[in-house]
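One structure is given here, and the rest of the page talks about it.
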Amino acid sequence: MKRYLHSFAIFLLALFFTNFAHAQLKKQLTVDDIVKWNRISDKKISDDGRYVFVLTEPWKGTSSANLLDNRGNSLFSADSVRSADFTSGGEFLILNRAGKKAESLILFNIKNGTKEIIDSISKFSIMKDWGPWLLFTKKDSTLISLNLANNNRAEFGKVKEWTPAEKSTIILAVQGDSIVVINPSANTKIVAGSAKNTKRLALSKDGDYFAWLSKGEITIQSQSGVIKKISSGESSLPQGWRVPDNSQLYFSESGAKLYFGTAPAERKRDSSAVKGEWPGVQVWNWKEGTQFTAQVVEKEREKKRTFLAVYDIKSSSLVQLSTPSNERVVTSDKGDGEWALSLSDNKYRLEEMWTGRSKYDVHIINTVSDRSVPVAREVNGNPMISPKGNWVIWYSFPDSSWYAWSVKSMTGQFITTPSLLPVHDEDNDVPDWPSAYGVAGWNEDESALYLYDKYDIWRVDPLSLGKPLRITENGRESGITYRVEKTESTRDFIDEKGDLILSVFDNKTKESGYSKIAPGFKKGPQLLVKGPFSFSGLLKAKNSKDIIYTRENYETSPDVYLTDISFKKEQKITNINPQQNDFLWGRAELVSWTSLDGIKLEGVVYKPADFDPNKKYPLIVNFYEKNSSSLYSYRTPEAHRSTVDYHMYNSHGYVVFNPDIVYRDGYPGESGFNCIMPGISSLVQQGWVEEKAIGAQGHSWGGYQVAYLATRTSIFAAIESGAPVVNMFSAYGGIRWGTGLNRSFQYEHQQSRIGATPWEAHQRYIENSPLFAMDKVTTPILIMHNDQDGHVPWYQGIEYFVALKRLQKPVWLLNYSGEVHWPQKIQNKMDFQIRMLQFFDHYLRGKDAPKWMKDGISAIDLDYELGY
């Protein structure tokens, strides 16, 4: 017995040292490592479901393309690929590859495994409805049509521009000085007209009609001859209007209508002005609907703006659909609809400055007769026209109800009410009306509209306020949220005669998956797959029941899985990040606590791989609104532009805590404090948090929140605050320079959540502005705010830095010159991650401070050293 125990003890000891050695071999992630991490940037499944294409890209480096069969076997791979697609029969994979001087194409024959490389490509198109056809232009302007089925090629030289018909082997092209119509299958060419100064080409999908724009004149033609010429001064256009060179030009789905852009006559500067002495003044007016700064941002686009017009070939009618008084027009039935939706917000633009949302006067316009019919006025919502043009619907923000207006009867009514169907955001916590959960789609004949509430999908009759049908049966009762997956059967409408695939999210466990409702929707959802993962990117093969999707959780990289519509068997067919096995990897856990306001809250704690509850760990608190639903997200390692990388910090021994926040109108700072602080306390009470090594990090709204926390508590040993607002008074009147919009709407109705103006609630602005309590800050602060920030004026970061510097409190500011709300260049993102980790390592783990923290780096020295 003693001998047995002795042997068993040796076995256990050996096992321990083996596992210990294995753990020691695992590495910490560095910034150089995380930029090499791959993500799936594209994936496709062949029409027959037999093959899958996957494109992966690292954050820094070249892309990798892989062709796989339905057993996961790799058939072909290539690097530096930008995009790829299958031909219609799935016989070929066409890959577009980037090059140093020019792009190239790889034509891979899946059946026999051969490939052909075509260099020096300037443009290409895979013609799926032609069969296995490929069109491309060489750098020498030679257009080549290639029938991949028989390898027949036709070449057409000196082709400057071309556009193909989607469903017929017809190409409209500019060849030399002529407009030509090419039929590559018959190897024929017809000269249609002169190509001098041609700016645009358009070809109907069936190839029966074509058009081009040249010198302000549109020529519409068929193979039988010219149908119509439209030019400046056309009687059906507004007086003095023209067809500019930048006009859009396209046919409707059937080819029966040609849409194009028009514009008022070009303006000329006042001739009385002396050349070179035009004053450089801006004139701002209090009555202007659009803030002058927004006008400046939009100036060049506005100078090129065109207004939509349509020519109906059958009736020979021309209708000007949009004008400066109704700029937004939406057509129906893929352009073939008799009626188009017209929206005008001109009268309401001024109030958009503080409401942050648009109101519209709504009309429909007949695309043949030019008849305009009013639908509704002052609609506080986002009106839309149904796909076939039978209905105009909108969600009304003030009363949280959906409305439907019949184009046939030209009457409307509300079709939901909050008491009948709660389609509004039940968790709304901004000082504004709640938004809608949205539209799932229409059925084929548009006799039913499918709407979402928080959990379920409802079939609603747009003709009346009848009792809606809940097709998902028990979402609310079970805490499950169902949403329609876009597949072939739901792309244009919801096919009630086919299977309906739904995404599934369990609001309690945060698990997800897919369900299916059988044709007719008489029975509730049948669960297909569900588990502790995040599922996304479902694609169904066009001509088979095969399906691909991605699956991930915090510990498992997103990979592509293959199954069929039954989901009885699934097969993992990629392994995009095998290097993950070489690194220390954390795990995610859902936690809960109660806020100081008595609200039940959730959050996610991310623990290191070797987490031991008997040890003490530094803690980073990182948050933005609510994120507990992302419990099973992978959080791909990356040199993030605005946040800590959770995996890198886990591998360095940090615990990361991401708490949900619920806000109370007027008190955004205190709301964050009341939610976050008891969350931290609940973790500290468990005994494994090093209480003197707690840090916080946030960006933008999160940057504001951590700046506020620094004025209320000394629990944090270090805080990084990115692009923060610290002075709500000056920020209220500030400009979002990226759009030119004034920021007041954010404070009155949106994320900043004050719910009033500074003169109505000045005390709230003071209480919620960290700047007025800088003397209470005891925490070292690292600020990142860039001088071209188009969201938060960067002088907010300067106010923050100057205040703390004046008080001689430890503070640093990183400005990535020329960058916007966050660093975009990879070298700047890497630098930010390096400095932020050094900052937290110094204050939370006791490491030596780098030179840039101890001594700074002068403007001159920055040209020669980085101070790491």
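Coordinate-derived values only; no laboratory data. It should be emphasised that the depicted structure is a prediction, and the values quoted were computed from it without experimental measurement. For neighbour counting, all protein chains shown are included, and Cβ atoms are generated from backbone atoms with ideal geometry for every residue, glycine included.
Miscellaneous remarks
- Footprinting exposure proxy for VAL375, VAL802 (fewest neighbouring C-beta atoms within 10 Å first): VAL802, VAL375
- Percentage relative contact order, segment 479-582, counting C-alpha pairs under 8 Å, at least six apart: 16
- In order through segment 818-828: 3J(HN,Hα) via Karplus (6.51 cos²θ - 1.76 cosθ + 1.60), integer Hz, x for Gly, Pro: x, 8, 9, 4, 8, x, 10, 6, 4, 5, 6
- Listed residue (PRO678, HIS749, ILE719) projecting farthest to the positive dipole end of segment 658-757, Cβ model: HIS749
- Taking the chain and dividing mean pair separation by its residue count, relative contact order in percent (alpha carbons under 8 Å, at least six apart): 7
- GluC sites (Glu not before Pro) within segment 755-864: DSSP coil, no more than 13 neighbouring Cβ in 10 Å: GLU760
- Cα-based shape type of segment 583-863, given that a ≥ b ≥ c are square roots of the gyration tensor eigenvalues and the cut on a/c is 1.5: oblate
- Under a model in which nothing but the beta-carbon of Lys, Arg (+1) and Asp, Glu (-1) is charged, the chain shows a dipole of about 1340 debye around its Cα centre.
- Shape of segment 40-157, Cα gyration tensor, a/c cut at 1.5: oblate
- Converting phi to 3J(HN,Hα) with the Karplus coefficients 6.51, -1.76 and 1.60 and the offset θ = phi - 60°, segment 46-52 yields 5, 4, 8, x, 8, 9, 10 Hz in sequence order, with x at every glycine or proline.
- Ascending count of other beta-carbon atoms within 10 Å, so fewest first, for THR416, THR163, THR293: THR293, THR163, THR416
- The chain: calculated mean residue ellipticity at 222 nm from DSSP helix runs of at least 4, using -39500 (n - 2.57): -4500 deg cm²/dmol
- Counting DSSP beta bridges with both ends in the chain, the antiparallel % (nearest 5): 90
- Karplus-derived 3J(HN,Hα) values for segment 593-605, using 6.51 cos²θ - 1.76 cosθ + 1.60 with θ = phi - 60°, are 6, 10, 6, 5, 8, x, 9, 6, 10, 10, x, 10, 10 Hz; glycine and proline are entered as x.
- Magnitude of the charge dipole for segment 479-582, about its Cα centre and with charges confined to Cβ atoms of Lys, Arg (+1) and Asp, Glu (-1), is about 420 debye.
- Distances between placed amide hydrogens fall under 5 Å for TYR51 paired with SER46, all partners being 5 or more residues away or on another chain.
- Going from the fewest other Cβ atoms within 10 Å to the most, the residues GLU625, GLU865 appear in the order GLU865, GLU625.
- Segment 336-456 shape via C-alpha gyration tensor axes, a/c threshold 1.5: oblate
- In segment 228-322, chymotrypsin sites (Phe, Trp or Tyr not before Pro) in a DSSP loop with at most 12 other beta-carbon atoms within 10 Å: TRP284, TRP286
- Long-range amide H partners of ASN382 with built H, under 5 Å: TYR395
- Around the amide H of GLY722, modelled in the peptide plane, lie the amide H atoms of GLY698, HIS699, SER700, GLY703, MET784, all under 5 Å away and 5 or more residues distant in sequence or on another chain.
- Under the combined filter of DSSP loop state and at most 11 neighbouring Cβ atoms within 10 Å, segment 235-279 retains these GluC sites (Glu not before Pro): GLU266, GLU277.
- Pairwise Lys count, segment 583-863 - Cα closer than 15 Å, eight or more residues apart or different chains: 10
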